[in-house]
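The values are calculated or read from the model by the stated rules, or taken from the named source; none is laboratory data. Only a predicted model underlies this, so the values are computations on that prediction, with no experimental measurement involved. When we count neighbours, we look across all protein chains shown, and the Cβ atoms used for this are built from the backbone with ideal geometry, even at glycine.
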Amino acid sequence: MATTQPIRNKQHIREMSEYYLHKGQIRNYVLIVMGLYTALRISDLLSLTWDNVYDFENERLKTHIEIVEKKTGKPKLIALNINVNDALTTHIHTAQRGAFLFENPRTGRAISRIQAYRITRAAAEALRFPERVSCHSLRKTLGYHAWKSGVEVPVIMEIYNHSSLAATRRYLGVTQDYKDAVYLNLNLTA
């Protein structure tokens, strides 16, 4: 089985994040955007309720998501950037205290991991992405682009709550091509 990779092409990220918006499927649009910009595991993303992102008392979006990760049991505080805020604002008409953010309207529960995978794969296939894209690709994409823009790896490790550099390196998709570029492009005497 092939390992999923981050979405490296920024045009692909833009297309992916807008795919369901153009189709009028707002819940799916928000799923993709939040997957890209929060780096949450799909199990944590699907467990989010409106209470996690919306302050009903003051009638406004929260500035951060506070959760305890299911896999690690570690607390996580995530700032919600403008892309997430815009997506949530588009989706706010469905806000009900306690309701799941990514709700299956037939059951009133969160959509399943399989459904989230289908949503993600359908967009990537419709857009004809060359890379294998899954829900986990969304999580990996934030770290990859943070790393490419100069964010230090220890910070990215903290974002992912990784305890080893090896795990973060796999997430970032460090391949032989990147290592070759270091050898070929570095000039220590210039």
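Among all residues of the stretch 162-174, there is none that is assigned to a helix (DSSP H, G or I), in contact with a helix residue (DSSP H, G or I) (Cβ under 8 Å, 6 or more places away or on another chain), surrounded by fewer than 20 Cβ atoms within 10 Å (Cβ to Cβ) and at pLDDT 95 or above. Of everything in the stretch 87-133, what is among the charged types (D, E, K, R) and not in a helix (DSSP H, G or I)? Give them in sequence order. The answer is Arg97, Glu103, Arg106, Arg109, Arg128, Glu131, Arg132.
Only a single criterion out of (1) within 24 Å of Arg118 (Cα to Cα); (2) aliphatic (A, V, I, L, M); (3) surrounded by fewer than 16 Cβ atoms within 10 Å (Cβ to Cβ) is not satisfied by Val84, namely (3).
For the stretch 127-140, the candidate set comprises residues that are touching a Gly at 6+ places or on another chain (Cβ under 9 Å) and within 22 Å of Gly24 (Cβ to Cβ); within that set, the residue that is surrounded by the fewest Cβ atoms within 10 Å (Cβ to Cβ) is Cys135.
Is there a residue being within 21 Å of Lys74 (Cα to Cα), among the hydroxyl-bearing types (Ser, Thr, Tyr), under 18 Å from the mean Cα position of the chain (by Cα) and surrounded by 11 or more Cβ atoms within 10 Å (Cβ to Cβ) anywhere in the stretch 117-126?
Step one: of the stretch 117-126, the residues within 21 Å of Lys74 (Cα to Cα) are none.
No, because not a single residue in the stretch 117-126 is within 21 Å of Lys74 (Cα to Cα), among the hydroxyl-bearing types (Ser, Thr, Tyr), under 18 Å from the mean Cα position of the chain (by Cα) and surrounded by 11 or more Cβ atoms within 10 Å (Cβ to Cβ).
Of all the criteria given as (1) surrounded by 11 or more Cβ atoms within 10 Å (Cβ to Cβ); (2) touching a Phe, Trp or Tyr at 6+ places or on another chain (Cβ under 7 Å), the one not satisfied by Met157 is (2).
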